[in-house]
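Reviewing the structure listed below.
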Amino acid sequence: MRFVSCLGGAVAALLLAGCGYVGDPLPPALNIPVAVTDLRVVQRGDKLILDFTAPALTTDETGLTVISSAEVRIADDTISTAPPTPGEPAHIEISARKWVGKDAPVRVVLTGPRGQRSEDSNAIAVRIIEPLAAPANVQAEPHPEGLRVTWTNSDPRAASFRIRRDPAAEATSDKPEYIDRAIELGKEYKYIVVAVAGTAESLQSSQASATARDAFAPAAPLNLTAIAGVNSIELNWDRSTEADLKNYRIYRNDMLLARDLETPSFSDKQITPGQRYRYAVTAVDRNNNESPKSAVAEILAP
């Protein structure tokens, strides 16, 4: 009996030791989504466009598996929208007509799988206006510095313009003109323009396209001088500042005398003493565009 008792005590001790005491049971996770922090809002035409990143975590710092619903709060109104996917970019479009003429703070609230709402997102203050008219008559054409895009401002409320390009690039301008200098010769570019006023922008304009090409001659060289030398006439002129300059050409009495000159000087040794000569010089760029002739330098050969 004494053996059984001891054995029973030992088993009980082992059972107690095997169970292991880990404290009070933990409460179930609430799965409350972390608040959105990167909400962006713009009025485009007659719609409010909302973009943000849906949270991937809960307030308990665990992975958020699902967002059951999403609400957009505009001023005192609440609009239910389709729930985004946790951790993914979210895009929402809502008609802005109801709030035209009002300042309307916009926020987003998300609900987790257990029905617990997140805190409000960052608030974006939007002044909602009648839709801006899109720019008209958009044109693109080669320009000495790149490609020039022009358009007609169709709405006097427009404070600036956003130019979007394909291949991808974006720029802004405060006047109805933009020169795109980041281009490659021989490549086609496409442009659309939107008008901007505060947090509102118009719908896109029609598209204009152009192929970048250099069809523009350099400026004519300056300050050509002709000086009598020993059995020669020495010509000098100011060096051209054109970025794509290739060389120079010399004309004597309106006939081509020399070409492919890389320096702004030339010695004319094919002269007849006592004869009068008239010289002009041109600049040529890397695409063989030739400038107008310089001012004439006239001299009597020695």
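The values are calculated or read from the model by the stated rules, or taken from the named source; none is laboratory data. All values reported here derive from a predicted model rather than from experimental measurement. Backbone-built Cβ (ideal geometry, glycine too); neighbour counts: all protein chains shown. When the accessible area is computed, the model is the full protein with side chains, heavy atoms only, and any ligands, DNA or RNA have been set aside. Shrake-Rupley method; radii C 1.70, N 1.55, O 1.52, S 1.80 Å.
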Residue in region 281-294 that is farther than 12 Å from Leu224 by Cβ, more than 49 Å from the chain's Cα centre (by Cα) and either among the basic types (Lys, Arg) or at pLDDT 95 or above (or both) present: no
For Glu184: the one exception among (1) over 30 Å from Ala295 (Cα atoms); (2) at pLDDT below 95; (3) crowded, with 16+ Cβ neighbours inside 10 Å: (3)
Any hit, region 231-244, residues being open to solvent by 50 Å² or more (accessible area, probe 1.4 Å) and at positive phi: yes
Strands (runs of 3 or more DSSP E) within region 178-257 that include 1 or more residues under 30 Å from Asn137 (Cα atoms) and not aromatic (Phe, Trp, Tyr): 188-197, 208-211
Test: residue in region 35-56 that is modelled with pLDDT under 95 and open to solvent by 60 Å² or more (accessible area, probe 1.4 Å): no
Boolean, Glu130 is in a loop (DSSP other than H, G, I, E, B) and of a type outside the set (A, V, I, L, M): yes
Filter result for Ser209 (out of contact with any helix residue (DSSP H, G or I) (no Cβ under 6 Å at 6 or more places or on another chain), over 30 Å from Glu130 (Cα atoms) and among the hydroxyl-bearing types (Ser, Thr, Tyr)): no
Unmet criterion (only one of (1) basic (Lys, Arg); (2) more than 21 Å from Ile299 (Cα to Cα); (3) more than 39 Å from the chain's Cα centre (by Cα)) for Lys246: (3)
Among (1) open to solvent by 30 Å² or more (accessible area, probe 1.4 Å); (2) under 40 Å from the mean Cα position of the chain (by Cα) - the single one Ala210 does not satisfy: (1)
Within region 110-127, considering residues that are in a strand (DSSP E or B) and of a type in the set (A, V, I, L, M), the one surrounded by the most Cβ atoms within 10 Å (Cβ to Cβ): Leu110
Residues located in region 258-289, provided they are under 23 Å from Ala215 (Cβ atoms) and open to solvent by 40 Å² or more (accessible area, probe 1.4 Å): Arg259, Asp260, Arg286, Asn287, Asn288
